[in-house]
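Step one of this worksheet: look at the structure below.
Please treat every number below as a calculation from the coordinates, not as lab data. Every value quoted in this text rests on a predicted model; they were computed, and no experiment measured them. Methodologically, a virtual Cβ is constructed for each residue, glycine included, from the backbone with ideal geometry; neighbour enumeration extends over all protein chains shown.
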Amino acid sequence: MAAMIVAPKIRGFICTTAHPEGCARHVARQIDVVKSRGPITNAPKKVLVIGSSTGYGLSSRIAAAFGGGAATIGVFFEKPGAETRCGTAGWYNSAAFEREAGAAGLYARSFNGDAFSHDMKARVIDTIKAGLGQVDCVIYSLASPRRTHPDTGETFKSVLKPIGSSYTNKNLDTTTGVVNEVTLPPAEGDDVAQTVAVMGGEDWEMWMHALQDAGVLADGVVTAAYSYIGPELTWPIYKNGTIGKAKEDLERTQRALDERLAPLGGKAWISVNKALVTQASSAIPVVPLYISLLYQIMKDSGGHEDTIEQMDRLFRDRLYGNAEPQPDEAGRIRLDDLEMAADVQKTVAEQWDEVNTENLAKLGDFAGYQESFLRLFGFGLDGVDYDADTDTAVPVPSLA
C-alpha cells in the first residue's frame, strides 16, 4: 500500500496534489444531497457522461445514478496515484463514485483516456453494446485546454482572450487575496479558430454521430452540453471573447443534433449553468473576483447552489421529473436564473465598483471561494484526518 501524508500544494490556479479520502468525502456529500431530495421521477436509466470526473460532469453522473438509479458510463482523462505520488482529484473522485455505486448495486463503468479520439468512442460503444444495449441520456461536459483532432492529428490549443481590442478590469489574485488589475491582449491569428476547435461543438457532434450510427442511442434519447453566459462585466473575456465564439459553435451543434435526433424522438439541449468554482473557471481572469462577490450575495439570500444542486435541478426539474425544461428565447435551459436575477446582478455591479483589497473580506466571500477551490482537490472536508497517512494508489474498480 502506498501511504503518505497529503497536503495541498497550490501553483497559480491549480492544486498539484489531491487527497483520496477527501475526494471520497466530497463525492459522498454530493450523493447525500441528491438522496435527501428523493428519487427523480421519469429519470434516464442508462447514462453516458463524457467528462465525468470533476465539476458539473461528476455532479451529473451522481445526480443520474443516485437520483434516478441510472447505470452510468463515465469518460475522463486523469492520472492515477502511485507510491509517493498523488493521482489527480478526478481520478480519486471517479474511484469513490464507482465504490459508492457498487455499494448501491448500480452499474458503473469508466474509461480513462483521450475522449477526442476515435478509439475512445469505439471502446465506449462496444461497452454500451455489451453491457447496456443502448443509452437514453448523453451528457457532454469536457473541459480541456487542448484537443488533437482524430482525423488530421493536428493539436489545437484554446486561449482566453477578448476579440478586437485588449481588455482591462479588476482581478483577484487568488494566491494572495489582492484585488489588482489585469489586461488581456486581443486574439490574433487563428486564436478564435483554435479555441473553437477545442471548446466548440465538433467533438460533441462526433460523439453523437458515432453513437447514433452504431445504434446505441435509445428512442427519446436526450443529450445536453454545458455553457455559461454571465454578466456584462465578464462578456469581453467570455461571451464576446474567444470562449464565447466556442460557445456559439456549441449552440450551432445543438441545433444540428436536434435535427439529427428527430427520427429517434430525441432532443439536444444547451444548459447555461451558474458561475462556480471549478478547475476550469479558476483559470479565467476577472471571474474569481466576480464569483467571490456573487457567493456572498447568494449565500446571504439563501439562493447559493454548488454543482450538485445545479445538476440535481437540471435532472429533477428541467430534463426529467414532472417539470418542463423552460427554455429561454434561444432554446437554452437557464440554470443560471438565480445568479442572473436583476437584484443579484444589481448588487454585484454596485459592489464591483467598490471592491478593493481592503474591503474584499467584507463585500465578498473570498474565504468561501478558497474553501470551494480546496474541496475540488479533497481538502478542508469534515471527517477527514489530514494529518494521517493516506493510500495514494487508489484504483477505479472498473479500470483495475
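Per-residue Karplus couplings for region 386-393, computed as 6.51 cos²θ - 1.76 cosθ + 1.60 with θ equal to phi - 60°, are listed in order as 7, 9, 9, 5, 10, 6, 8, 9 Hz, Gly and Pro entered as x.
From its DSSP helices (H runs of at least four residues, each -39,500 (n - 2.57)), the chain gives a residue-normalised ellipticity at 222 nm of -11500 deg cm²/dmol. So what's the net charge close to Tyr295: Lys and Arg +1, Asp and Glu -1, counting the other residues with Cβ under 15 Å from its Cβ? Once all neighbours under 15 Å are counted, the net charge is -4. Placing a pseudo-label 7 Å from each Cα along the Cα-to-Cβ vector at Ala82 and Glu350 gives an inter-label distance of 5.6 nm.
Cα centroid separation, region 354-380 to region 23-46: 27 Å.
Quick one: grab the alpha carbon gyration tensor of region 244-400, order the square roots of its eigenvalues as a ≥ b ≥ c, and give me rounded if a/c is under 1.5, else prolate or oblate depending on whether a/b is larger than b/c. Oblate.
Projected over all directions and averaged, the alpha-carbon convex hull of region 136-235 occupies 9.2 nm².
Which shape class applies to the chain: rounded if a/c is under 1.5, otherwise prolate when a/b exceeds b/c and oblate if not, where a ≥ b ≥ c are the square roots of the Cα gyration tensor eigenvalues? Verdict is rounded for the chain.
Considering only Gly230, Gly67, Gly265, the Gaussian network model of the chain with Cα springs below 10 Å gives its largest mean-square fluctuation to Gly265. For the chain, modelled as a GNM with alpha-carbon contacts under 10 angstrom, which of Arg252, Arg334, Arg61 fluctuates the most? In the Gaussian network model the winner is Arg252.
Derived scalar couplings between HN and Hα for region 203-217 equal 5, 4, 4, 5, 4, 5, 5, 5, 5, 5, 4, 7, x, 9, 9 Hz in order, rounded to whole Hz, by the Karplus curve 6.51 cos²θ - 1.76 cosθ + 1.60 (θ = phi - 60°), x for Gly and Pro.
Ranked for footprinting exposure by Cβ neighbours inside 10 Å, fewest first, Trp352, Trp235, Trp269, Trp204 give Trp235, Trp352, Trp269, Trp204.
Residues Thr72, Thr155, Thr253 in ascending order of nearby Cβ atoms (within 10 Å, fewest first): Thr155, Thr253, Thr72. Under 5 Å from the amide H of Thr390 lie the amide H atoms of Met4, Ile5, Val6, each residue being 5 or more positions distant or on a separate chain, with H modelled from the backbone and absent for Pro and chain starts. Rounded, prolate or oblate: pick one for region 250-303, where a ≥ b ≥ c are the square roots of the eigenvalues of its C-alpha gyration tensor, a/c under 1.5 means rounded, and failing that, prolate if a/b is larger than b/c, else oblate. Cα axes put region 250-303 in the prolate bin. Taking the chain as a Gaussian network of alpha-carbon nodes connected by springs under 10 Å, the highest mean-square fluctuation of the residues Val179, Val196, Val135 belongs to Val179.
Region 225-304 and region 51-104 have Cα centres lying 22 Å from one another.
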